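Please read the structure below before turning to the comments.
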Amino acid sequence: MERRNFISKGLAAGAIIPAAYATLISNEAQASEKIEHQQNEAVAADDIFIERSLKGRPHEGKVLAVIQPHVDDATLFAGGAIAKLISEGYTGYLIRITNDDAAGSGTDGDRVLNNEKDNDQVAKVLGLKKVYNLGYRNHRMDEYNTQEIKGRLIFLFRLLKVDTIFSYDPWGHYEENPDHYVTAQAVEAARWMSGSVDYPEQLDVVKPHAVNERYYFARGPQLVNRIVDISKHIDTKVQSNVVITTQGPGGDNGSRIKKSLAEKGKKLPILGDTDESADFNYVKHFVLDIDSQAQRGTPSDKEIGKKYGLEWAEAYHYIGNPVSALSDYIEKNAVDK
């Protein structure tokens with residue numbers, strides 16, 4: 001993701017959703033897992049589902065995949081929810097689509113290497129088990145064969161037996177970066193095709209495995225039907241952005257500002273007294289809160305949370321496991337001949 005202002009008129013944590021659609025998605029989410037419902041709740045006023053932290057590791061054995069075009073995408077928009085689910089038992093994997101060769105300073109080789117190192121640090125901070133780098137050129141995703149991208153993702157979804165994915169919303173509005181919308185569309189197509197017999201040559205090695213649960217984020221207007229409470233994991237989200245020093249709004253920007261002010265005989269108390277605290281506090285208080293709209297093109301995580309009585313929160317277009325009513329209907333209505 002590039003640092004720039006983004007068109008966001010009309011975007012809010014509880015963006016207006018057509019009532020019928022919102023009700024469908026909300027009901028679908030509420031039916032996905034009984035264990036989750038014990039501590040989560042739907043807010044009837046606007047059909048927004050609040051996902052709260054769960055005790056213990058109720059998701060043990062489940063697998064999530066984070067698919068991001070660039071090293072700083074998932075950390076900025078979904079770092080809190082990812083850390084939350086990992087802490088609740090998920091095993092996670094990070095799939096980076098591009099090599100980020102257009103982001104950072106130095107030669108092409110320097111940028112590729114430095115971003116790869118940052119990406120590895122992101123996985124470490126968030127607790128993700130392994131990184132897969134697909135290596136496409138940065139900002140040139142729209143020139144690649146989408147079928148090839150889908151095929152590679154389908155193989156990984158099958159191999160890793162992915163249950164849940166995090167990625168850009170394929171239905172998000174006003175996205176200007178081709179890497180974002182090409183990745184989003186490829187992910188959405190691949191996640192359901194992985195459960196079919198598409199790419200039959202793969203089936204000698206892996207079995208069909210559909211991915212049904214999606215947490216989609218966007219930096220522009222989108223349908224929002226799930227709010228995830230990340231209050232317990234905000235510091236992990238912050239740190240996942242601090243370790244990205246090659247690009248993005250995080251990294252060492254806080255200590256740079258601290259140094260610049262010191263040369264003028266000034267300081268910004270909110271940054272703290274050390275370089276480490278400056279970098280951390282800059283991400284937490286400016287990137288994710290005070291200056292979020294300019295830095296990320298999305299509302300403040302603190303403001304999103306405040307609307308729902310939470311300290312920090314992330315907003316998602318969530319789609320869960322579809323629940324069939326057929327078996328229930330048969331049980332209730334079948335009669336003897």
- Add -39500 (n - 2.57) for each DSSP H run of 4 or more in the chain, then divide by its residues: what number comes out at 222 nm, to the nearest 500 deg cm²/dmol? -11500 deg cm²/dmol
- Task: Compute the convex hull volume of the Cα atoms of the stretch 208-274, divide it by the residue count, and report the result per residue in Å³ as a whole number.
- Result: 185
- Task: List every residue whose amide H lies under 5 Å from the amide H of TYR132, counting only residues 5 or more places away in sequence or on a different chain, with H placed 1.01 Å from N in the peptide plane.
- Result: LEU94, ILE95, ARG96
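Largest first and in whole Å, what are the equivalent-ellipsoid semi-axes of the stretch 197-337 based on the Cα gyration tensor, each being the root of 5 times an eigenvalue? Please report the intermediate quantities before stating the final value.
Details: eigenvalues 422, 86, 28 Å².
Semi-axes from the Cα gyration tensor: 46, 21, 12 Å.
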- Fluctuation leader among GLU188, GLU303, GLU143 - the chain, Gaussian network, Cα springs under 10 angstrom: GLU143
- Got a number for carbon plus sulfur as a percent of the chain's accessible area, 1.4 Å probe? 52
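Counting DSSP beta bridges with both partners in the chain, what percentage is antiparallel, nearest 5?
Values: 10 of 32 bridges.
If we restrict to bridges inside the chain, about 30 percent are antiparallel.
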- Message: Can you work out the Karplus-derived ³J(HN,Hα) for every residue in the stretch 167-173? Use 6.51 cos²θ - 1.76 cosθ + 1.60 with θ = phi - 60°, whole Hz, and x for glycine or proline.
- Response: 6, 5, 6, x, 10, x, 9
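Would you be so kind as to identify all helices of the chain, as entire DSSP H runs, whose Cα atoms reach 18 Å or more along the helix's own axis and whose mean Kyte-Doolittle hydropathy is at least 0.0? Write out the running numbers ahead of the final one.
Values: long enough: 73-87 (20 Å, 1.13); 108-126 (27 Å, -1.17); 146-160 (21 Å, 0.59); 178-193 (22 Å, -0.33).
Span-like helices, by this rule, are 73-87, 146-160.
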- Distances over 34 Å make up what percent of all Cα-Cα pairs in the chain? 24
- Message: Need the C-alpha centroid separation for the stretch 225-269 versus the stretch 42-110, integer Å.
- Response: 18
- Message: For a quick check, take a GNM of the chain with Cα springs below 10 Å and name the residue from TYR216, TYR93, TYR174 with the largest mean-square fluctuation.
- Response: TYR174
- Query: Kirkwood Rh, Cα Rg: Rg to Rh for the stretch 64-200?
  - Reply: 0.95
- Message: Under 15 Å between alpha carbons, and skipping anything fewer than 8 positions from LYS161 in its own chain: which aspartates and glutamates qualify?
- Response: GLU60, GLU213
- Query: Between HIS180, HIS70, HIS285, which gets the highest mean-square fluctuation from a Gaussian network model of the chain, Cα cutoff 10 Å?
  - Reply: HIS285
- Whole-Hz Karplus ³J(HN,Hα) for the stretch 200-205, in order, using 6.51 cos²θ - 1.76 cosθ + 1.60 and θ = phi - 60°, x for Gly and Pro? x, 5, 6, 6, 6, 10
- Task: Could you provide, to the nearest whole Å², the per residue accessible area of the stretch 158-258 with probe 1.4 Å?
- Result: 36
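The values are calculated or read from the model by the stated rules, or taken from the named source; none is laboratory data. Quick caveat, the model's predicted, so the values are computed rather than measured. Just so you know, the surface numbers come from the protein's heavy atoms only, side chains and all, with ligands and any DNA or RNA stripped out. Shrake-Rupley method; radii C 1.70, N 1.55, O 1.52, S 1.80 Å.
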